[in-house]
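The numbers here are math on the coordinates, done by the rules we state, and not lab data. Just so we're clear, the structure is a prediction, and the values are computed from it rather than from any experiment. Glycine gets a Cβ as well: all are built from the backbone with ideal geometry, and neighbour counts include every protein chain shown.
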Amino acid sequence: MAANNPLLQSKWKYLLLAVLLILLFLLSLFTLSPSMRSEFAFASQQKADEVNQPPADSNEKAKQKQEEPEQKEPNRPEHKHRAFMERSRERERMVTGQIKARRVSDPNVLNAMLAVPRHAFVRPGDLARAYADHPLPIGLGQTISQPYIVGYMTEALKLRPDFKVLEIGTGSGYQAAVCAEIAREVYTIEIIEELAKSARERLKELGYPNVFVKAADGYFGWPQKGPFDAIIVTCVAGFVPPPLVEQLKPDGIMVTPLGSPFGPQRLVLITKDQKGEVRSKSLLSVRFVPMRGAITEGQEQLKK
Ligand code: SAH
């Protein structure tokens, strides 16, 4: 029998010894240090030349970061300021009686207007009229738009949570705040430095980390931050500044009043398709304060 063959018997002994030695080697590895243990476990899954790479886990995270920069948590308004708690009944009445009643129905817009404390955007003397159905003066000859117009224009933009919005005419900052409740980021430009400064401070105080205010002529847009998914213009001109059309993304939407500062004005919806083709549609009659700055030179030239 094979077991009685002395040659085979010694072969079995050597095999047993080799197995014992391997077991001993493995055991010594596992009893050394925890870090070596994990390295061994790691090495057993990796090719030899990959052993000194950083752990697979951190490698994966770095890769994900590069591939999905848009995935990072956006800065959202938190509504911690006491103004959000004040005058909520007045806001509800405004939304029901002025906005919903006139067929603005996008729930994002209605919720945004229920949230933003409009009374924090008017002058102290106008607190009692903050939610009334008309525009209000904000100083320096400018106005905060009628709530319905804010709701109507915001709905027309079809804002989504991942949108980057550009506004021309910050004024009080109210329209920017309404957009910032829905969109990811709002870039807003105001030509009157004093208004830009007070709007910036107000929005910071209220906790809108996703609104960025710049004192400049909005005619030129904000090319460094563009292109934009949506553009809203809240002062009237005879034509749309070409840089704004350029800074609109394909499939983007712009809402702007067009017309004469003292005569008839129409709110116009401008869309750009995937091929870059631009179309416009007249929406309704409006009344806005005039756009100033470079546009007036263009308008003068048009008159000649
Ligand atoms: N959206 C504002 C109201 C806008 S009133 C709000 O929610 O309160 C229009 C504003 O446009 C005014 O403050 C005016 O100073 C500003 N404006 C006029 N011409 C401008 C221009 N070329 N660039 C930027 N802002 C301009």
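Things worth noting here:
- For segment 82-303, share of DSSP beta bridges that run antiparallel, in % to the nearest 5: 45 percent
- Mean separation of Cα contacts under 8 Å (6+ apart) over length of segment 137-213, as relative contact order %: 28 percent
- Over segment 206-304, relative contact order from alpha-carbon pairs under 8 Å, at least 6 apart, %: 24 percent
- Spatial separation of Cα centroids for segment 131-183 and segment 224-240, in angstrom: 13 Å
- For segment 103-238, averaging the sequence separation of C-alpha pairs within contact (under 8 Å, six or more residues apart) and dividing by the residue count gives a relative contact order of 24 percent.
- Residue exposure proxy: 202, 89, 287, ordered by other Cβ atoms within 10 angstrom of their Cβ from fewest to most, comes out as 89, 287, 202.
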